[in-house]
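Colleague: First, the structure itself, so that you have it in front of you.
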Amino acid sequence: MLWSGWGDPAKARELPEQVRRLLHDLLGVRAPAVPAAGLESVRMPPAALEPRLLDALAGLVGDGHVLTTHEARVRHARGKSTPDLLRMRAGDGAGAPDAVVLPGGHHEVAQVLRLCAAERIAVVPFGGGTSVVGGLTAARDGFAGVISLDLGRMDRLVEVDAESMTAVFEPGVPAPEAERLLAAHGLTLGHFPQSFEYATLGGFAAARSSGQASAGYGRFDDMVTGLTVATPEGDLDLGRAPKSAAGPDLRQLVLGSEGAFGVITSLRLRVRRAPAEKVYEGWRLPGFAAGTAALRALAQDGPLPTVLRLSDETETMIGLARPDRIGGGEAGCLVIAGYEGASVSARREAAAAVLSGHGGVPLGEEPGQGWAHGRFSAPYLRDSLLAAGATVETLETAGFWADLPRLYDAVRLALLGALGSPLVMCHISHVYETGASLYFTVVTAQEDDPVAQWERAKEAANTAIVEAGGTISHHHGVGRDHRAAYAAEIGPLGVAILRAVKDRVDPRGVLNPGALV
Ligand SMILES: Cc1cc2nc3c(=O)[nH]c(=O)nc-3n(C[C@H](O)[C@H](O)[C@H](O)COP(=O)(O)OP(=O)(O)OC[C@H]3O[C@@H](n4cnc5c(N)ncnc54)[C@H](O)[C@@H]3O)c2cc1C
């Protein structure tokens, strides 16, 4: 993973000349005056952990599994939001841990947590490092030091139960590896977020992730049937039946807790049979309102495609659903509908009737296959845009169908008001019977301080989301960036309940301090 950007550096892409021109003419984007920093020149706080503590940690996880090199610290300093990348490109590694600790199993995690609690060392669990909400940036005030607890060595498929259709994994398994391991059994999770290439199963659970095929396979939290969690105060082993009436479901306290309540050390996940057939196709809907109505009809009355995505007019015009064809978009609103698994042609035919009934025009399989082909390439495009002097960032929310138009307008207006004349695009890509998510992509010319510029816009969008009745996050989580808005969403009593839980499982406050609560 590129330390200051996304993905495999070999896949980095030059911006097509047409896009450069568009950015300049439409948004006034100019190349940044200062070149991006090199890895060696990243500034970090001096490592604070005493040698005796480093020795004690090495005694628990083994020599060679406590890293203190400049590079290891830089690589664990931040997540992958645009402000994270802008700061790294500016050589600002302020969030870096003192050491990176790689435990080999549950027992080692539990021992590390006990040691860190006793010595007041902050612990930031690290999965794939793809957080976009500031989930990985350590608060070090009042601590003897900070470690990044990298779960990369805990990467095993532990068990497959083909009768119950569940599989037990360790948390550090990257998503592509999970799919590869399950494919050997003819199975799949069906979880394909845009961060698929690097994110891990533990990170998906800790941040309540949702993938591009959520209409067919559900969100990641729908897939979690059991969890083992290590805390400084002991272990939790949760989920002994598919559903239970035995009190409140404690799994729900752990899902989305972002390392603030404990470290997920194993997950039992519902799996599905790998689909024999996959078909993706495109439709043109006359406008966002008509498209939204069509998606609502499919979500409420069926049939529900496995992938269902609607771009608004601006996103369609720019062609964002096809990063390989940016700038080559069309009029109207693009719908991508994908069908996997059983009864593909029957579902496709019935969904076609619904889409046609809302004014949809079929575009055939080419746009669908193009979307599927380019579905993980947009983050590479972000790097090229940042280098060219454009800020590009995304934010997301969800609301009930009746509130969605108001939510859409409020967020758009907030972003336009905060940034002058940015490009604001939106799509719906997760639908439910009662509502849907809205996912915004914003592109603007970088000011002298692009981080402050984005923080201003983000603040305005967060306020608009809260006031328009949306949730502060549908699938990115809370981290540090959404903490204030999350507190507004759940109210003072809600915050006090979370605080009480944290005080019980983590009385010394060492677990990911500053995240969530
Ligand atoms: C380009 C890009 C595209 C993205 N697209 C999507 C998308 O389509 N859908 C989506 O849902 N998200 C998306 N994300 C967000 C991100 O990928 C998800 O939040 C993902 O769940 C993070 O997984 P990770 O393994 O990288 O976790 P990390 O980023 O390493 O960690 C996330 C948080 O969980 C904590 N944590 C990690 N592992 C554990 C554990 N085992 N136990 C306890 N706490 C833990 C961390 O401390 C941190 O607070 C995207 C991010 C990027 C950069």
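Colleague: Out of (1) surrounded by fewer than 18 Cβ atoms within 10 Å (Cβ to Cβ); (2) polar (S, T, N, Q); (3) touching a strand residue (DSSP E or B) at 6+ places or on another chain (Cβ under 9 Å), what's the single condition that is false for Ser244?
Modeller: (3)
Colleague: Glu197 versus (1) surrounded by fewer than 21 Cβ atoms within 10 Å (Cβ to Cβ); (2) more than 13 Å from the ligand (Cβ to nearest atom): which is the lone unmet condition?
Modeller: Exception for Glu197: condition (2).
Colleague: Give me the pairs: first residue in the stretch 1-21 and closer than 21 Å to Arg73 by Cβ, second residue modelled with pLDDT of 90 or more and more than 16 Å from the ligand (Cβ to nearest atom), beta-carbon distance under 6 Å, and six or more apart or on different chains, which are they?
Modeller: Note: pairs meeting the criteria are Trp3/Leu39.
Colleague: Something else: Identify the residue in the stretch 383-404 that is surrounded by fewer than 18 Cβ atoms within 10 Å (Cβ to Cβ) and part of a helix (DSSP H, G or I) and, among all such residues, is modelled with the lowest pLDDT.
Modeller: Among those that are surrounded by fewer than 18 Cβ atoms within 10 Å (Cβ to Cβ) and part of a helix (DSSP H, G or I), it is Ala387.
Colleague: Let me ask something additional. Being closer than 15 Å to Val451 by Cβ, surrounded by 14 or more Cβ atoms within 10 Å (Cβ to Cβ), away from the ligand (no atom under 16 Å from the Cβ) and not small (Gly, Ala, Ser) narrows it down to one of Pro83, Pro32, so name that one.
Modeller: Matching residue, one of Pro83, Pro32: Pro32.
Colleague: Are there any pairs with C-beta distances below 8 angstrom linking a residue in the stretch 472-486 that is within 15 Å of Gly259 (Cα to Cα) to a residue that is acidic (Asp, Glu) and within 11 Å of the ligand (Cβ to nearest atom), with the two at least 6 apart or on different chains, and if so which?
Modeller: Every condition considered, the pairs that remain are His476/Glu396; Gly477/Glu258; Val478/Glu258; Gly479/Glu258.
A quick yes/no check of all residues on (1) farther than 30 Å from Arg322 by Cα; (2) more than 16 Å from the ligand (Cβ to nearest atom); (3) of a type in the set (D, E, K, R):
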{"residue": "Val160", "(1), (2), (3)": "yes, yes, no"}
{"residue": "Val173", "(1), (2), (3)": "no, no, no"}
{"residue": "Pro176", "(1), (2), (3)": "no, no, no"}
{"residue": "Leu182", "(1), (2), (3)": "no, yes, no"}
{"residue": "His185", "(1), (2), (3)": "yes, yes, no"}
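Colleague: Still on this structure: Name the residues in the stretch 463-481 that are part of a helix (DSSP H, G or I) and surrounded by fewer than 24 Cβ atoms within 10 Å (Cβ to Cβ), would you?
Modeller: To start, the set of residues in the stretch 463-481 that are part of a helix (DSSP H, G or I) comprises 463-467.
If the condition is that a residue be part of a helix (DSSP H, G or I) and surrounded by fewer than 24 Cβ atoms within 10 Å (Cβ to Cβ), then Thr463, Ala464, Val466, Glu467 are the ones that fit.
Colleague: Tell me which of these Gly319 doesn't satisfy, since it passes every other one: (1) among the small types (Gly, Ala, Ser); (2) closer than 14 Å to His427 by Cβ; (3) away from the ligand (no atom under 16 Å from the Cβ); (4) in contact (Cβ under 8 Å) with a residue 40 or more places away in the chain.
Modeller: (4)
Colleague: Looking at (1) crowded, with 20+ Cβ neighbours inside 10 Å; (2) away from the ligand (no atom under 16 Å from the Cβ); (3) within 16 Å of Arg309 (Cα to Cα), find the lone condition where Leu407 falls short.
Modeller: Condition not satisfied by Leu407: (3).
Colleague: Next up: Let me spell it out: the conditions are (1) assigned to a helix (DSSP H, G or I); (2) near the ligand (Cβ under 10 Å from one of its atoms), and Gly259 meets all of them except one. Which number is the exception?
Modeller: For Gly259, the failing item is (1).
Okay, residues lined up against (1) more than 16 Å from the ligand (Cβ to nearest atom); (2) farther than 24 Å from Ala290 by Cα; (3) in contact (Cβ under 8 Å) with a residue 60 or more places away in the chain; (4) β-branched (Val, Ile, Thr):
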residue: Ser343; (1), (2), (3), (4): yes, yes, no, no
residue: Arg347; (1), (2), (3), (4): yes, no, no, no
residue: Ala351; (1), (2), (3), (4): yes, no, no, no
residue: Val361; (1), (2), (3), (4): yes, no, yes, yes
residue: Pro367; (1), (2), (3), (4): yes, no, yes, no
residue: His373; (1), (2), (3), (4): yes, yes, no, no
residue: Ala378; (1), (2), (3), (4): no, yes, yes, no
residue: Leu381; (1), (2), (3), (4): no, yes, yes, no
residue: Leu386; (1), (2), (3), (4): no, yes, yes, no
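Colleague: Suppose the filter is within 23 Å of Tyr486 (Cβ to Cβ) and away from the ligand (no atom under 16 Å from the Cβ); does Ala398 pass it? If you could, list the steps in order and put the result at the bottom.
Modeller: Working: within 23 Å of Tyr486 (Cβ to Cβ): yes; away from the ligand (no atom under 16 Å from the Cβ): no.
No.
Colleague: Is it the case that Gly329 is in contact with a helix residue (DSSP H, G or I) (Cβ under 7 Å, 6 or more places away or on another chain) and in contact (Cβ under 8 Å) with a residue 60 or more places away in the chain? Write out each step before concluding.
Modeller: Working: in contact with a helix residue (DSSP H, G or I) (Cβ under 7 Å, 6 or more places away or on another chain): yes; in contact (Cβ under 8 Å) with a residue 60 or more places away in the chain: no.
The answer is no for Gly329.
Colleague: What is the residue count in the stretch 42-80 for residues that are in a loop (DSSP other than H, G, I, E, B) and either of a type in the set (D, E, K, R) or within 16 Å of the ligand (Cβ to nearest atom) (or both)?
Modeller: Taking the stretch 42-80 and keeping what is in a loop (DSSP other than H, G, I, E, B), we get 42, 44-50, 62-65, 68-69, 76-80.
Those left that are additionally either of a type in the set (D, E, K, R) or within 16 Å of the ligand (Cβ to nearest atom) (or both): 50, 63, 76-80.
Counting residues in the stretch 42-80 that are in a loop (DSSP other than H, G, I, E, B) and either of a type in the set (D, E, K, R) or within 16 Å of the ligand (Cβ to nearest atom) (or both) gives 7.
Colleague: Something else now. Among all residue pairs at least 6 apart or on different chains, which show Cβ distances below 8 Å where the first residue, located in the stretch 182-211, is more than 18 Å from Ser164 (Cβ to Cβ) and the second is among the charged types (D, E, K, R) and near the ligand (Cβ under 7 Å from one of its atoms)?
Modeller: From the stretch 182-211, the pairs are Ser195/Lys80; Ala206/Glu258; Ala207/Glu258.
Colleague: Could you check the stretch 132-171 and list, in sequence order, the residues that are touching a Cys at 6+ places or on another chain (Cβ under 9 Å) and either within 16 Å of Thr200 (Cα to Cα) or among the charged types (D, E, K, R) (or both)?
Modeller: Leu149
Colleague: State the number of residues belonging to the stretch 328-349 that are surrounded by fewer than 15 Cβ atoms within 10 Å (Cβ to Cβ) and either assigned to a helix (DSSP H, G or I) or under 28 Å from the mean Cα position of the chain (by Cα) (or both). Write out each step before concluding.
Modeller: Filtering the stretch 328-349 down to residues surrounded by fewer than 15 Cβ atoms within 10 Å (Cβ to Cβ) leaves 328, 330-331, 342-343, 345-346, 349.
Subsequent filtering for residues that are either assigned to a helix (DSSP H, G or I) or under 28 Å from the mean Cα position of the chain (by Cα) (or both) retains 328, 345-346, 349.
The number of residues fulfilling the criteria is 4.
The values are calculated or read from the model by the stated rules, or taken from the named source; none is laboratory data. This one's a predicted model, so the numbers in the text were calculated from it and none came from an experiment. Note that each Cβ is placed from the backbone with ideal geometry, even for glycine, and that neighbours are counted across all protein chains shown.
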